[in-house]
1. Within the stretch 23-34, work out how many residues are surrounded by 15 or more Cβ atoms within 10 Å (Cβ to Cβ) and closer than 24 Å to Arg112 by Cβ.
2. Can you name every residue in the stretch 2-53 that is under 23 Å from Glu67 (Cα atoms), in a helix (DSSP H, G or I), in contact (Cβ under 8 Å) with a residue 40 or more places away in the chain and in contact with a strand residue (DSSP E or B) (Cβ under 7 Å, 6 or more places away or on another chain)?
3. Checking Phe111 against (1) more than 10 Å from the ligand (Cβ to nearest atom); (2) more than 23 Å from Leu28 (Cα to Cα); (3) surrounded by fewer than 21 Cβ atoms within 10 Å (Cβ to Cβ), which single condition isn't satisfied?
4. Mind listing whichever residues of the stretch 71-93 are under 14 Å from Gly123 (Cα atoms), near the ligand (Cβ under 10 Å from one of its atoms) and assigned to a helix (DSSP H, G or I)?
5. Search the stretch 94-103 for residues being within 11 Å of the ligand (Cβ to nearest atom) and either of a type in the set (Val, Ile, Thr) or surrounded by fewer than 21 Cβ atoms within 10 Å (Cβ to Cβ) (or both), and hand back the single one that is nearest to Gly129 (Cα to Cα).
6. Against the definition (small (Gly, Ala, Ser), away from the ligand (no atom under 11 Å from the Cβ) and touching a residue at least 24 places away in the same chain (Cβ under 8 Å)), how does Ala120 come out, yes or no?
7. Restricting attention to the stretch 68-84, which residues are over 26 Å from Met2 (Cα atoms) and in contact with a helix residue (DSSP H, G or I) (Cβ under 8 Å, 6 or more places away or on another chain)?
Amino acid sequence: MMKILVVNGPNLQMLGTRKPEIYGSETLAGLEEKLRRISAENEVEIVFFQSNHEGDIVDRIAAAKNEAVKGIIINPAAYAHTSIAIHDALEAVGILAIEVHISNIYAREEFRHKSMTASACKGVISGLGIEGYEWALRALLNNINKVK
Ligand code: DQA
């Protein structure tokens with residue numbers, strides 16, 4: 001079965017309790033559940049990965065190349081603003097990727113306005129809360145022509 005990889009970067013394991021006024025009260029497990037429901041309707045398998053370590057994220061993206069991963073949803077979190085390594089990994093595997101930020105990074109501190117990783121992605125969704133992941137999944141499925 002076709003796979004979609006969902007990568008969440010540092011501190012997103014604390015979703016639900018971390019600054020809920022910015023990131024909402026849904027947990028990472030709750031988000032997974034929501035995405036699994038959409039993916040089940042569309043006969044795709046969702047593979048989730050969360051890490052606080054840049055190199056582990058690079059390794060996970062590289063490994064996707066040897067799996068049936070047809071799309072990547074990535075919230076690189078703070079690494080979006082710093083990581084050339086994650087940018088290069090996304091570019092190297094050449095898998096259709098969409099970057100998601102729960103908050104609107106352009107409406108926050110200036111150091112969040114620049115994403116190093118976005119240019120290696122097809123598009124970016126920022127500021128729609130965790131719903132952004134659902135839109136990203138639908139966009140990927142649309143691109144792979146499987147949306148129900
Ligand atoms: C974030 C925005 C980043 O600036 C921040 O470092 C995060 C989360 C978001 O989803 O809004 O950890 O990627």
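The values are calculated or read from the model by the stated rules, or taken from the named source; none is laboratory data. Small disclaimer: the values here were computed from a predicted structure and weren't measured. Here the Cβ is made from the backbone with ideal geometry for all residues, glycine too, and neighbour counts use every protein chain on show.
1. Final tally of qualifying residues: 6.
2. If the condition is that a residue be under 23 Å from Glu67 (Cα atoms), in a helix (DSSP H, G or I), in contact (Cβ under 8 Å) with a residue 40 or more places away in the chain and in contact with a strand residue (DSSP E or B) (Cβ under 7 Å, 6 or more places away or on another chain), then Leu35, Ser39 are the ones that fit.
3. (1) is the only condition that Phe111 fails.
4. Ala80
5. Ile102
6. The answer is yes for Ala120.
7. Residues satisfying the conditions are Tyr79, Ala80, His81, Ser83.
Results for (1) farther than 17 Å from Ile130 by Cα; (2) surrounded by 13 or more Cβ atoms within 10 Å (Cβ to Cβ), shown as yes or no for each residue.
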position	(1), (2)
Glu21	no, no
Asn42	yes, yes
Phe49	no, yes
Asn52	yes, yes
Ile57	yes, yes
Ala78	no, yes
Leu90	yes, yes
